Amino acid sequence: KTGLVTLDPGFVNTAACSSEITYIDGDAGILRYRGYPIEQLAERSTFIEVSYLLIYGELPSEAQLNDFTTKISRHTLLHEDLKRFFDGFPRDAHPMPVLSSAVSALSTFYPETLKPVTEERTEIATIRLLAKLPTIAAYAYKKSVGQPFLYPDNSLGLVENFLRMTFGFPAEPYDVDPALARALDLLFILHADHEQNCSTSTVRLVGSSEANLFASISAGINALFGPLHGGANSAVLEMLEGIRDSGGDVKSFVNKVKNKEDGVKLMGFGHRVYKNYDPRAAIIKKTADEILGKLGGDDSLLDIAKQLEEHALADDYFVQRKLYPNVDFYTGLIYRAMGFPTKFFTVLFALGRLPGWIAHWREMTNDPATKIGRPRQVYIGPKERDYVAMDAR
Ligand code: SDX
């Protein structure tokens with residue numbers, strides 16, 4: 001980049017690792033989990049079935065799915081000492097560092113995960129993470145609103161249990177709205193994996209040192225927190241509210257982006273891989289009207305989002321840079337309609353991405369050939385030089 005060295009194109013395009021889990025064609029806008037098109041999984045599968053598919057490589061039989069579901073339901077409780085962690089966090093703490101701290105702390109409650117990796121230890125750590133992350137996320141929400149925590153109800157499915165622990169109260173029964181549960185289940189499916197994105201590569205890189213699964217997932221959660229990655233869904237809502245609160249003038253906002261005023265970006269647009277419409281965004285947009293209609297979403301923000309998309313897709317600045325809506329563009333509107341505060345949107349991204357992170361960690365652990373290994377660099381610093389004494393500097 002400085003003209004000192006010219007990068008061999010092959011070097012720049014060297015794949016980080018090989019994997020059998022997810023296939024993306026960024027130009028054609030294709031996404032498949034273990035060979036199954038995302039469109040078919042979104043329409044016909046469930047989040048827990050997709051989690052099984054990503055982690056074990058095949059769609060489960062009915063018996064396998066029941067066994068997987070039962071195992072997870074037996075591990076949804078947190079250790080009472082881990083629950084006390086939440087007393088220590090500030091009430092206005094952002095939930096993502098709360099999530100990564102609690103997940104990292106899981107390895108202190110299950111020390112067996114720290115010893116050399118075995119199939120059996122990996123299996124129980126997998127089940128504990130899938131079962132406990134929704135509980136940790138719900139407790140982070142309850143802490144932020146000063147409400148009592150609800151114990152899991154294992155007669156409910158994974159998503160329903162999470163919704164009840166989040167929005168329910170000990171003083172009265174809480175019936176999970178099936179439309180709400182189905183919408184969240186769909187969004188979790190769409191977020192479940194995405195090849196070597198920043199957070200998944202982080203999980204693989206940390207895990208390549210044989211760090212335990214809890215520590216690796218905690219690192220992934222921290223990577224996802226970044227506003228250019230998982231933090232974008234919250235940033236989209238803040239952007240839409242900003243446009244609304246300044247009079248709804250979409251055109252002048254688009255011009256600010258094109259003029260790069262104050263580094264403002266069209267959040268929820270662009271992608272490192274998709275240089276076409278993100279297939280997940282297409283599915284979410286298609287259902288956004290339906291879901292927001294059922295949940296009573298804020299139509300004014302949806303209208304602004306649609307106007308933004310319309311302007312951008314007709315403007316050479318975005319078309320030339322191949323900037324299309326990504327998975328985050330419409331998601332935040334749906335999360336808001338579900339009743340989640342903006343700062344919890346990235347937590348929901350983490351809940352969806354968890355099976356993908358676990359699948360990649362297991363793949364890398366089981367097959368060292370798929371390890372990212374130790375990345376190398378192109379040195380572009382100063383050439384060799386001699387030490388300079390202080391009085392000569
Ligand atoms: C996710 O990798 C994954 O798979 C991630 C993810 C997953 O499932 O894990 O898909 C989830 O992270 C989706 C992305 C969420 N982030 C955002 O929506 C934030 C806004 N997007 C940008 O930050 C950006 O688009 C990136 C980082 C996502 C991708 O950047 P690129 O494709 O590498 O593009 P770039 O940064 O090299 O920019 C190329 C040009 C620049 O302009 P010029 O220098 O040519 O003038 O495009 C411009 C950029 O300024 N640009 C944008 C823009 N994104 C890129 N301009 C305005 N708004 C934007 N969103």
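The values are calculated or read from the model by the stated rules, or taken from the named source; none is laboratory data. If you're wondering where the values come from, they're calculated on a predicted model, not measured in any experiment. A quick note on method: Cβ atoms are made from the backbone with ideal geometry, for glycine too, and the neighbour counts reach across all protein chains shown. The area values use the complete protein model at the heavy-atom level, side chains included, leaving out ligands, DNA and RNA. Shrake-Rupley method; radii C 1.70, N 1.55, O 1.52, S 1.80 Å.
Write down the accessible area per residue of segment 330-388 in Å², having rolled a 1.4 Å probe over the full set of protein chains.
With all protein chains present, segment 330-388 gives 47 Å² per residue.
Between rounded, prolate and oblate, where does segment 256-309 land on the alpha carbon gyration tensor, with a ≥ b ≥ c its root eigenvalues, rounded for a/c under 1.5, else prolate if a/b exceeds b/c?
Oblate is the answer for segment 256-309, as a/c is 1.5 or above yet b/c matches or exceeds a/b.
Using the beta-carbon distance between TYR110 and LEU313 and R0 = 45 Å, what value does 1/(1 + (r/R0)^6) give for FRET efficiency, to the nearest 0.05?
0.40
Just how many % of Cα pairs in the chain lie over 35 Å apart, if you round to the nearest whole percent?
Tail of the P(r) past 35 Å holds 29 percent of the pairs.
What's the FRET efficiency of ASN154 with ARG376 using the Cβ-Cβ distance as r and R₀ = 56 Å, to the nearest 0.05?
Given R0 = 56 Å and the Cβ-Cβ separation, E is 0.70.
Anyone know which of THR166, THR70, THR342 comes out most mobile in the 10 Å Cα GNM of the chain?
Sorting by GNM fluctuation, first place goes to THR70.
Return the tail of the calculated pair distribution for segment 199-241, meaning the percent of Cα-Cα pairs more than 11 Å apart.
62
First check a/c for segment 126-256, with a ≥ b ≥ c the square roots of the eigenvalues of its C-alpha gyration tensor; if it is under 1.5, answer rounded, and if not, answer prolate when a/b is larger than b/c or oblate otherwise.
Here segment 126-256 falls in the oblate category.
For segment 342-393, what does the convex hull of the Cα positions come to per residue, in cubic angstrom?
Spread over its residues, the Cα hull of segment 342-393 gives 219 Å³ apiece.
Can you tell me which of ALA137, ALA179, ALA232 moves the most in a GNM of the chain? Springs connect C-alpha atoms under 10 Å apart.
Checking each option, the largest mean-square fluctuation is seen for ALA179.
Between GLU119, GLU39, GLU49, where does the largest GNM mean-square fluctuation fall for the chain, given springs only between Cα atoms within less than 10 Å?
Answer for the Gaussian network model of the chain: GLU119.
At 1.4 Å probe size, what's the solvent-accessible area of HIS191? Round to the nearest 10 Å².
For HIS191, solvent-accessible area is about 0 Å².
Report the paramagnetic label zone for GLU43: residues of segment 267-306 whose backbone N is under 15 Å from a point 7 Å from Cα along the Cα-to-Cβ axis.
Those under the cut-off are 280, 282-284, 286-287.
What's the extension gain from ALA171 to LEU77 if we count 0.36 nm per residue and subtract their Cα-Cα distance?
Net length gain for the segment: 31.9 nm.
Given the -39500 (n - 2.57) contribution per DSSP H run of 4+ residues, what per-residue ellipticity at 222 nm results for the chain, rounded to the nearest 500 deg cm²/dmol?
Taken over the chain, the calculation gives -17500 deg cm²/dmol.
Going toward the positive end of the dipole of segment 90-213, with +1 on Lys and Arg Cβ and -1 on Asp and Glu Cβ, which of LEU213, TYR141, THR126 do you reach last?
Result: TYR141.
Any idea of the accessible area per residue across segment 168-313, 1.4 Å probe, to the nearest Å²?
I get 43 Å² per residue for segment 168-313.
First compute the accessible area of the chain with a 1.4 Å probe, then give the percent of it belonging to carbon and sulfur atoms.
Solvent-exposed carbon and sulfur of the chain make up 52 percent of the total.
Magnitude of the Cβ-charge dipole of segment 235-385, K/R +1 and D/E -1, about the Cα centre, nearest 20 debye?
Charge dipole, segment 235-385, about its Cα centre: 940 debye, nearest 20.
In nm, what is the difference between 0.36 nm times the number of residues separating MET390 and SER209 and their Cα-Cα distance?
That works out to 61.1 nm of additional length.
So how far apart, in nm, are the two label points at LEU59 and THR342 if each is 7 Å from Cα heading toward Cβ?
My value for the distance between the label points is 4.0 nm.
Computed over the Cα atoms of segment 14-54, what is the ratio Rg over Rh, Rh following Kirkwood?
1.02
For Cα pairs less than 8 Å apart in space and 6+ apart in sequence, what is the mean separation divided by the residue count of the chain, i.e. the relative contact order in percent?
In percent, rounded to a whole number, it is 24.
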